[in-house]
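The structure appears below as structure tokens.
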């Protein structure tokens, strides 16, 4: 792995959401103070939902200076129960005073290539690193966002956004999201990992097992900080 070395923060369930929300808030405040804007990538999935609710309740966050991007999306409409954007909106974006023009969703309801091209056009003009903070998760198979093991484009894709097909066991297989190049074009990358079913792959990655170091979740890193927030084993 290149980029910033991994830090690991282990949190009990009672402290997980609050402490993670503070990590996100600190990143926002730091970016806004330094550059006048914070560009943040948010993740879908179960683990972030409670974090977002806690973050939405915090006072003093300069939401008018935050731009929100989505790490990945299932190819469904934004009102669909499986939409990442729907979850993020319900738990955070609809609860804070962020201007609508500063929320950039991936359009899951259109052709995936079209949605990826739209995000490509959005991200191309931005300076690198593209983002100040990326929040992502990890699956039991070692995937992160919609970057799955065995897809050669995880390491070869040069565009900022791409389509993907998940393994058959996933309910919605057609995806669109940020490429590994884009996810790693962030000052800070924060990986959330909770749940006993993820402990084996997490242990393999963090302990440096050779077989795990090519997994997508092992490849992601920030330019200044790579933080894994995990539950106790």
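Assorted remarks:
- Some residue of the range 30-46 being closer than 16 Å to residue 191 by Cα, in contact (Cβ under 8 Å) with a residue 60 or more places away in the chain, part of a helix (DSSP H, G or I) and within 18 Å of the chain's Cα centre (by Cα): no
- Filter result for residue 74 (in contact with a helix residue (DSSP H, G or I) (Cβ under 6 Å, 6 or more places away or on another chain) and either modelled with pLDDT of 95 or more or surrounded by 20 or more Cβ atoms within 10 Å (Cβ to Cβ) (or both)): no
- Residue check, residue 155 in contact with a helix residue (DSSP H, G or I) (Cβ under 8 Å, 6 or more places away or on another chain) and at pLDDT 95 or above: yes
- Test: residue in the range 180-194 that is surrounded by fewer than 21 Cβ atoms within 10 Å (Cβ to Cβ), out of contact with any helix residue (DSSP H, G or I) (no Cβ under 9 Å at 6 or more places or on another chain) and within 24 Å of residue 38 (Cβ to Cβ): yes
- Scanning the range 11-29 for residues that are outside any helix (DSSP H, G or I) and surrounded by fewer than 16 Cβ atoms within 10 Å (Cβ to Cβ) turns up just one, 12.
- When restricted to residues that are crowded, with 16+ Cβ neighbours inside 10 Å and at pLDDT below 95, the range 45-71 contains 2.
- Summed over the range 88-106, residues that are in contact with a helix residue (DSSP H, G or I) (Cβ under 6 Å, 6 or more places away or on another chain), surrounded by 18 or more Cβ atoms within 10 Å (Cβ to Cβ) and touching a residue at least 40 places away in the same chain (Cβ under 8 Å) total 3.
- Pairing each residue of the range 206-217 that is outside any helix (DSSP H, G or I) with any residue that is modelled with pLDDT under 95 and surrounded by 12 or more Cβ atoms within 10 Å (Cβ to Cβ), provided the two are 6+ apart or on different chains, yields C-beta distances under 8 Å for 213/1.
- Within the range 7-25, residues that are within 22 Å of residue 205 (Cα to Cα) reach partners that are in a helix (DSSP H, G or I) and at pLDDT 95 or above with beta carbons closer than 6 Å, at six or more positions or on different chains, in the pairs 11/19; 20/51.
The values are calculated or read from the model by the stated rules, or taken from the named source; none is laboratory data. The structure displayed is predicted, hence computed values, not measured ones. Positions of Cβ are generated from backbone atoms using ideal geometry, with glycine treated the same way; all protein chains shown enter the neighbour counts.
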